Amino acid sequence: MAATADHAPKILQLPSSPLWYYLGGVSVVALILGLGVSFGFVLRDHLQAEPVTEVFRASRTALIQYRSEKNAWPAEFSFNNPPAELRAYGFAQAVNPLLEKVGSLGTWRFSTKNLDGKKEPSIVFQPTEMTDTVRRILGVVDSRVDDGEPNTGKFRFNDQGGSLTLSAE
């Protein structure tokens with residue numbers, strides 16, 4: 001009887017390590033998991049932004065080349081149906097494979113007005129649905145092609161989409 005009285009159940013025994021040691025270990029594991037999950041979201045946004053950025057760059061190159069040779073911008077058009085006059089500048093060959101990578105994220109067009117309504121030749125991207133993911137993707141695109149600020153610079157985006165203003169310089 002005395003032997004059983006000296007032996008306390010495990011739940012009533014004192015822990016072998018201090019509480020701060022246990023909490024520190026749990027905190028480190030939670031921190032690693034939190035950083036891993038957030039890094040996954042950031043990485044996903046950056047990977048999705050790459051083809052969008054490439055569409056802006058490839059179309060800008062062909063359009064500026066057209067402008068420098070013809071001394072005028074082409075008429076407004078959708079990237080799904082570019083004018084035949086841009087064929088000589090490799091517009092469709094450069095942009096169509098990139099549009100396939102982007103998928104059905106939205107519509108692309110060349111316009112003489114940007115999204116703010118200012119009369120500036122622009123490459124305009126209008127997403128099918130403006131979600132938080134699309135906003136983050138446009139933010140990444142802005143940091144890659146311009147200054148990273150949504151309301152300043154040549155690339156601007158808002159709730160309607162994103163537009164890259166072109167210049168003949």
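The values are calculated or read from the model by the stated rules, or taken from the named source; none is laboratory data. Here the structure is a predicted model, which is why all the values come from computation and not from measurement. Cβ coordinates were reconstructed from backbone atoms using ideal geometry, including for glycine residues, and neighbour counts include every protein chain displayed.
Scanning region 42-73 for residues that are polar (S, T, N, Q), touching a helix residue (DSSP H, G or I) at 6+ places or on another chain (Cβ under 6 Å) and over 20 Å from P127 (Cβ atoms) returns a single hit, Q65. Of all residues in region 65-82, those that are among the acidic types (D, E) and assigned to a loop (DSSP other than H, G, I, E, B) total 1. Residues that are closer than 21 Å to L63 by Cβ and touching an Asp or Glu at 6+ places or on another chain (Cβ under 6 Å) were ranked within region 119-154; the one that is modelled with the highest pLDDT is K154.
The rows are residues; the columns are (1) of a type outside the set (S, T, N, Q); (2) under 24 Å from the mean Cα position of the chain (by Cα).
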site: A49; (1), (2): yes, yes
site: L63; (1), (2): yes, yes
site: F79; (1), (2): yes, yes
site: Y89; (1), (2): yes, no
site: N96; (1), (2): no, yes
site: L99; (1), (2): yes, yes
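Checking the structure you have, find out if any residue of region 133-147 is loosely packed, with under 12 Cβ neighbours inside 10 Å, among the polar types (S, T, N, Q) and closer than 17 Å to A49 by Cβ. Looking for residues that are loosely packed, with under 12 Cβ neighbours inside 10 Å, among the polar types (S, T, N, Q) and closer than 17 Å to A49 by Cβ, one finds none in region 133-147, hence no.
Please indicate, with yes or no, whether at least one residue in region 129-150 is among the hydroxyl-bearing types (S, T, Y) and under 23 Å from T112 (Cα atoms). So far as region 129-150 goes, no, none of its residues is among the hydroxyl-bearing types (S, T, Y) and under 23 Å from T112 (Cα atoms). The residue list T128, T133, T107 contains one member that is of a type in the set (S, T, N, Q), touching a residue at least 40 places away in the same chain (Cβ under 8 Å) and more than 12 Å from L164 (Cα to Cα), which is T133.
Here is a yes/no grid of residues against (1) exposed (fewer than 15 other Cβ atoms within 10 Å of the Cβ); (2) in contact with a Pro (Cβ under 8 Å, 6 or more places away or on another chain); (3) modelled with pLDDT under 90:
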{"site": "T53", "(1), (2), (3)": "no, no, no"}
{"site": "Y66", "(1), (2), (3)": "no, yes, no"}
{"site": "E69", "(1), (2), (3)": "yes, no, no"}
{"site": "N81", "(1), (2), (3)": "yes, no, yes"}
{"site": "G103", "(1), (2), (3)": "yes, no, yes"}
{"site": "G117", "(1), (2), (3)": "yes, no, yes"}
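Summed over region 140-157, residues that are in contact with a Pro (Cβ under 7 Å, 6 or more places away or on another chain), touching a residue at least 40 places away in the same chain (Cβ under 8 Å) and not hydrophobic (A, V, I, L, M, F, W, C) total 1.
Consider I11 against the criteria (1) at pLDDT below 90; (2) surrounded by 11 or more Cβ atoms within 10 Å (Cβ to Cβ); (3) more than 19 Å from L166 (Cβ to Cβ); (4) not basic (K, R): it satisfies all of them except one. Which criterion is unmet? For I11, the failing item is (2).
Could you say whether any residue in region 27-35 is within 30 Å of T133 (Cβ to Cβ), touching a Phe, Trp or Tyr at 6+ places or on another chain (Cβ under 9 Å) and either assigned to a helix (DSSP H, G or I) or modelled with pLDDT under 85 (or both)? For region 27-35, residues within 30 Å of T133 (Cβ to Cβ), touching a Phe, Trp or Tyr at 6+ places or on another chain (Cβ under 9 Å) and either assigned to a helix (DSSP H, G or I) or modelled with pLDDT under 85 (or both): absent.
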